[in-house]
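Trainee: Structure provided below as structure tokens; questions to follow.
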Amino acid sequence: MTPAWTQRREEVLSDCLVSPDVFHQMLDRLGEFVVPYQHALEIAVSRRHVHLYLQGLLSALERKNAEKIATFVDVERQVIQDFIGTVPWDHRPLVTVLVGQVAKRLGEPDGIIAFDPSSFPKRGTHSVGVKRQWCSHRGKVDNCQVGVFMGYVSRHDHALLDFRLALPEDWARDAQRRAACHVPPEVRYHTRHEQCLEMLDAWGEQIPHGWITGDDELGRHTRFRGELRARGERYVLGVPCTTVVRDLEAPLPTYPGRGRPSKAPWQSVTEWRQALPNDVWMHLMVRDGEKGPVEIELVRRRVQTRLERQWTGPEEWLVATRRPLSDDRMMEPRASRDATDQDTRHRYHYYLSPTSVTGAELQEPSLEELARVIKAGACIEASFKRGKGEVGMDAYQVRTWEGWHHHMALSLLVVWFLIGETHRGQQWTPALTLPQVRYGLSLLLLEVFCTCGVDDICRQVQRQLLRNELARFYHYRTRKCIPPRKLRREIQ
């Protein structure tokens, strides 16, 4: 190993020295963090349980559902289950506080608002919004719930801000299932791009941003792109490989001498890409990543798009990117089957960006800026990974409308707390990551809640006995039979 590599290795290792100050009083700061959110809630009983539920999400529990969390924080199971699943407290004030804090700490004028749906696989059919539909988590059509999320990406960090449950149209029309899952009467069916516009209208002015981004599930809708242009928003939205465009920078066919001058042909973006010479692709490094520099190759052209019913649409910038098939990051979830295409060496993605918005022409964006916005989509995927991998965002066991929204809101709060603690800890340990912060907190919580005494063991066993006997009682009741009582046996 050369001296330069040896020196850098020692520098990297020095960044891993963990100071006790990183975790000192961390649980006290969690109590301070919760206070503004508790004040935002109107129901006093809910204020008392928010802190307990957040501690459960931060713990080392394998399955972070209401029952496991209640056992961990030493509270009756029904109390936490009612708090999450049935008590009608409004989660929206929590989101309001969260958005304000994120905008204050991470906001920058050219920040990026990212919209992305995320799926939650389910086995049953009774949970609110469950249906066989495209499940990006598994890359196929499967039984799942889908949430539409709004995230924010800046040079400082990224975080999820708001969410909507994508209620399928057949669910919205089914009064019986709506009543069983407590879906509010005012809730109606909305497409996913309508839900994105709703969140943008609610928070767009409060969150400093210069760009909107999303995957091909949103970009394929010409009306959605038109609504963003009408609002004066710049976007970089993914489009499927079947999108039809006309290249306005391509050489025009030879004029035959009479009639209208010929124009470039309409063609799919895949056909357009296949005709490109290899030397037009620009190689850029976006940022440093954990496994090395994050690089991208892309090409940009001014094109004309089509609207619904094959009408001629506006001019937009078409951006194509490619990465080698050997890149292991190709395993990222895709919004749909036709989100990408590939050849023998590369996988390709396609995006559209406006050349003008209502009443104004836009300056041609640089390739570096386009690459930064495109990579924001990967940051939102990382936000989902944080939520699902660290705080059990997908580990809920609730069927109701309130339960889903309550759990999602509290999961976003916990991730935001971890982001703040990670930034604080990196002042002493630059290499510190969010999973290590959550791991350290889980050990602290074990010391607080788990005392290995005989009384504690008996209490935990009694919880399990109560759960099992109540389950037996209700199984008998469904069959209209009175369950026999288990009598004590004489000690031999």
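The values are calculated or read from the model by the stated rules, or taken from the named source; none is laboratory data. Bear in mind that the values here come from a model prediction, so they are computed numbers and not experimental data. Because the Cβ atoms are built from the backbone with ideal geometry, glycine has one as well, and the counts that use them run over all protein chains shown. The area values use the complete protein model at the heavy-atom level, side chains included, leaving out ligands, DNA and RNA. Shrake-Rupley method; radii C 1.70, N 1.55, O 1.52, S 1.80 Å.
Trainee: All but one of (1) part of a helix (DSSP H, G or I); (2) of a type in the set (Lys, Arg); (3) farther than 26 Å from residue 153 by Cβ hold for residue 63; state the number of the condition that does not hold.
Mentor: The single condition residue 63 does not satisfy is (1).
Trainee: Is it true that some residue in segment 90-110 is under 30 Å from residue 470 (Cβ atoms) and not acidic (Asp, Glu)?
Mentor: yes
Trainee: Quick one: is residue 232 open to solvent by 30 Å² or more (accessible area, probe 1.4 Å), touching a residue at least 24 places away in the same chain (Cβ under 8 Å) and either part of a helix (DSSP H, G or I) or in contact with a strand residue (DSSP E or B) (Cβ under 6 Å, 6 or more places away or on another chain) (or both)?
Mentor: Against the criterion (open to solvent by 30 Å² or more (accessible area, probe 1.4 Å), touching a residue at least 24 places away in the same chain (Cβ under 8 Å) and either part of a helix (DSSP H, G or I) or in contact with a strand residue (DSSP E or B) (Cβ under 6 Å, 6 or more places away or on another chain) (or both)), residue 232 qualifies.
Trainee: Looking only at segment 191-221, which residues are touching a helix residue (DSSP H, G or I) at 6+ places or on another chain (Cβ under 7 Å), farther than 14 Å from residue 238 by Cβ and either of a type in the set (Val, Ile, Thr) or assigned to a loop (DSSP other than H, G, I, E, B) (or both)?
Mentor: Those that are touching a helix residue (DSSP H, G or I) at 6+ places or on another chain (Cβ under 7 Å), farther than 14 Å from residue 238 by Cβ and either of a type in the set (Val, Ile, Thr) or assigned to a loop (DSSP other than H, G, I, E, B) (or both): 206, 207, 208.
Trainee: Under 6 Å between Cβ atoms, at least 6 apart or on separate chains: pull out the pairs that start in segment 395-412 with a residue that is small (Gly, Ala, Ser) and end on any residue that is outside any loop (DSSP other than H, G, I, E, B).
Mentor: Pairs that qualify, where the first residue is small (Gly, Ala, Ser) and the partner is outside any loop (DSSP other than H, G, I, E, B), are 403/84; 403/85; 409/94; 411/387.
Trainee: Give me a count of the residues in segment 273-310 that are among the small types (Gly, Ala, Ser) and modelled with pLDDT of 85 or more. It would help to see each step written out before you state the result.
Mentor: Let us first name the residues in segment 273-310 that are among the small types (Gly, Ala, Ser), namely 275, 289, 292.
Of the ones still in play, those that are also modelled with pLDDT of 85 or more are 275.
Of the residues in that region, 1 qualify.
Trainee: In addition: Could you identify the single residue in 94, 106 that is within 20 Å of residue 208 (Cβ to Cβ) and open to solvent by less than 10 Å² (accessible area, probe 1.4 Å)?
Mentor: Values: 94 fails: within 20 Å of residue 208 (Cβ to Cβ).
Just one listed residue meets the conditions, 106.
Trainee: Which residue is nearest to residue 128 (Cα to Cα), if the candidates are limited to segment 168-193 and must be open to solvent by 70 Å² or more (accessible area, probe 1.4 Å) and of a type in the set (Asp, Glu)?
Mentor: The residue in question is 169.
Trainee: Please enumerate the residues belonging to segment 194-226 that are open to solvent by 30 Å² or more (accessible area, probe 1.4 Å) and aliphatic (A, V, I, L, M).
Mentor: Scanning segment 194-226 gives a single hit, 202.
Trainee: Among 102, 183, which is among the β-branched types (Val, Ile, Thr), closer than 28 Å to residue 32 by Cα and touching a residue at least 24 places away in the same chain (Cβ under 8 Å)? Don't jump to the end; show me each part of the working.
Mentor: Values: 183 fails: closer than 28 Å to residue 32 by Cα.
From the options 102, 183, the qualifying one is 102.
One line per residue, one yes/no per condition, for (1) touching a Phe, Trp or Tyr at 6+ places or on another chain (Cβ under 9 Å); (2) β-branched (Val, Ile, Thr); (3) surrounded by fewer than 21 Cβ atoms within 10 Å (Cβ to Cβ); (4) within 30 Å of residue 264 (Cα to Cα):
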site: 307; (1), (2), (3), (4): no, no, yes, yes
site: 312; (1), (2), (3), (4): no, yes, yes, yes
site: 315; (1), (2), (3), (4): no, no, yes, yes
site: 323; (1), (2), (3), (4): yes, no, yes, yes
site: 338; (1), (2), (3), (4): no, no, yes, yes
site: 364; (1), (2), (3), (4): yes, no, yes, yes
site: 380; (1), (2), (3), (4): yes, yes, no, no
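Trainee: Right, next: Is it true that some residue in segment 67-82 is surrounded by 18 or more Cβ atoms within 10 Å (Cβ to Cβ), closer than 22 Å to residue 160 by Cβ and in contact (Cβ under 8 Å) with a residue 60 or more places away in the chain?
Mentor: No, segment 67-82 contains no residue that is surrounded by 18 or more Cβ atoms within 10 Å (Cβ to Cβ), closer than 22 Å to residue 160 by Cβ and in contact (Cβ under 8 Å) with a residue 60 or more places away in the chain.
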